[in-house]
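K.L.:
Questions regarding the structure given below will be posed in turn.
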Amino acid sequence: MAEGNYTAGNNTYKVGSKIYACRLGLVEYEGRNVQVVALNTVYIPSPGDQVIGKIEDVNFNGWIVDINSPYKAILRANEALNKPFRQQKDDLTSFLDIGDLILAKVIAFDRTIDPILTIREPGLGKITQGQIVKVSPAKIPRIIGRKASMINMLKRETECKITVGQNGIILISGPSPENERLAILAIEKIAQEAHTSGLTDRIAEMIRREKGVKL
Amino acid sequence: MSGKIRLIDENGLRVDGRRPNELRPIKIEVGVLSNADGSAYIEQGKSKILAAVYGPREVHPRHLALPDRALLRCRYHMAPFSVEERKSPAPSRREIELSKVIREALEPAIFLEKFPRTSIDVFIEVLQADGGTRCAGTTVAALALADAGIPMRDLVVACAAGKVDGVLVLDLNDLEDKEGEADLPVAYMPNLDMISLLQMDGQLTIEEFEQALNLAIEGCKQIYKLQKEALKAKYLAIKEEVETCLQ
């Protein structure tokens, strides 16, 4: 891919002075840095990420959460409740039960431990309304767009509240099912055509056209 | 042994009309299964193989997980209808061995250490067998891995060379494999110039072995180009569709 005085960025590796891509994707050169924007990946948690997960199991002191990643996440009771947790008195299933969806934040993860989540921050917690769309986590930066241009356009055009989880799960809640359907359609189109250029304009046009037909 | 059947005719052509150093026609498609994380399909002559990759995902059973890297599991399986006489669907001795050699051929190409405590599962299903299935299986499994977005040092590509009727030939089919004198499957990573699988069945002199190995590597390089094209084709098709829509 490149040879000489370059540094290997994301999804690349260096042998001697040569840089090779280790994933299928689009190459970006920025100064001396070479990186590959992958077209498909799994979600690898990283502290600070906002994710959407599903409660899979309830333990005596917390929950096991599926966050669409090879690693199961742990949500401890003291990261979920606003008061001190008493094992004898508090029934965890009354807060979150199996199958519930939560919006959470990753607070710790590395190679040796499973990701640990928290919902003790404003805006986080159990999801009570809206629709869920799943895309490849590699497409998330494209859905957000440069300086959030894509996501802001989507919110404006569809009048929906869109919450993006870094793990490829997106929550959409809008004033009507029709608006939500439109947002889902747009997101699926973005994921499908993520590697093409001029996407924001094309999506905006598509939404307007769809709205014109419906209204 | 090969007295009854002539594998090379008077013009120097093989049973299916190929020249000695010619590959069979190859058709590759990537992303054919929507339920798998990555998938690919290959038709190499009359051999037809489907590969699916799942993962990196949680390991079941749990105790198999490795603390420092991902566990690569591979299943090579021949469909009961893939050969002339119905094959029992239970894994045979041969299939278990091929699963192992394919796994070991793919292992050095994958950055397994990036996903500790997970597993990457590769399923190779032979739908129709006409020789060279371990090679085509390796080629197509590497594509399915790349399609699944698993970081790899290089694509692995495999091709066999061998000797039939005293002539060194490339990419043997079933008849040549069974009736010929020798078969030499090679899996190769062209960018790194490394061999990850080398088996030999039959007898070759040292000079013949070296020539056959070089022939197989040349074959691998040809397939490698097709592999890369197939990988890009999945995304180029969408791009072209978009561009024609715009015009």
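K.L.:
Would you mind stating whether B:ALA51 is in contact with a Phe, Trp or Tyr (Cβ under 9 Å, 6 or more places away or on another chain) and at negative phi?
P.N.:
Answer is yes for this residue.
K.L.:
Going through region B:89-123 one residue at a time, which ones are part of a strand (DSSP E or B), within 14 Å of another protein chain (Cβ to nearest Cβ) and of a type outside the set (Val, Ile, Thr)?
P.N.:
B:SER119, B:ASP121
K.L.:
Restricting to region B:28-72, and then to whatever is of a type in the set (S, T, N, Q) and buried (at least 17 other Cβ atoms within 10 Å of the Cβ), can you tell me which residue is farthest from the chain's Cα centre (by Cα)?
P.N.:
B:SER39
K.L.:
Would you check if there is a residue in region B:217-228 being within 14 Å of chain A (Cβ to nearest Cβ), hydrophobic (A, V, I, L, M, F, W, C) and either part of a helix (DSSP H, G or I) or touching a Pro at 6+ places or on another chain (Cβ under 6 Å) (or both)?
P.N.:
Checking region B:217-228: not a single residue is within 14 Å of chain A (Cβ to nearest Cβ), hydrophobic (A, V, I, L, M, F, W, C) and either part of a helix (DSSP H, G or I) or touching a Pro at 6+ places or on another chain (Cβ under 6 Å) (or both).
Let's see how each residue does on (1) touching a helix residue (DSSP H, G or I) at 6+ places or on another chain (Cβ under 7 Å); (2) among the aliphatic types (A, V, I, L, M); (3) more than 30 Å from A:SER197 (Cα to Cα):
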site: A:LYS14; (1), (2), (3): no, no, no
site: A:TYR20; (1), (2), (3): no, no, no
site: A:GLY31; (1), (2), (3): no, no, no
site: A:VAL51; (1), (2), (3): no, yes, no
site: A:ASP57; (1), (2), (3): no, no, yes
site: A:LYS83; (1), (2), (3): no, no, yes
site: A:ASP91; (1), (2), (3): no, no, yes
site: A:ARG111; (1), (2), (3): no, no, yes
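K.L.:
For region A:8-32, enumerate the residues that are more than 12 Å from chain B (Cβ to nearest Cβ) and surrounded by fewer than 14 Cβ atoms within 10 Å (Cβ to Cβ).
P.N.:
A:SER17, A:GLU28, A:TYR29, A:GLU30, A:GLY31, A:ARG32
K.L.:
Still on this model: Among the listed residues B:LEU33, B:LEU66, B:LEU23, identify the single one that is within 12 Å of another protein chain (Cβ to nearest Cβ) and part of a loop (DSSP other than H, G, I, E, B).
P.N.:
B:LEU66
K.L.:
Ok, one more. I need the full set of residues from region B:36-62 which are closer than 16 Å to B:ARG134 by Cβ and either assigned to a loop (DSSP other than H, G, I, E, B) or at pLDDT below 95 (or both), in order please.
P.N.:
B:GLY45, B:LYS46
K.L.:
Does A:TYR43 qualify as being hydroxyl-bearing (Ser, Thr, Tyr) and modelled with pLDDT of 90 or more?
P.N.:
yes
The values are calculated or read from the model by the stated rules, or taken from the named source; none is laboratory data. Small disclaimer: the values here were computed from a predicted structure and weren't measured. Using ideal geometry, Cβ is built from the backbone for each residue, glycine included, and neighbour counts are taken over all protein chains shown.
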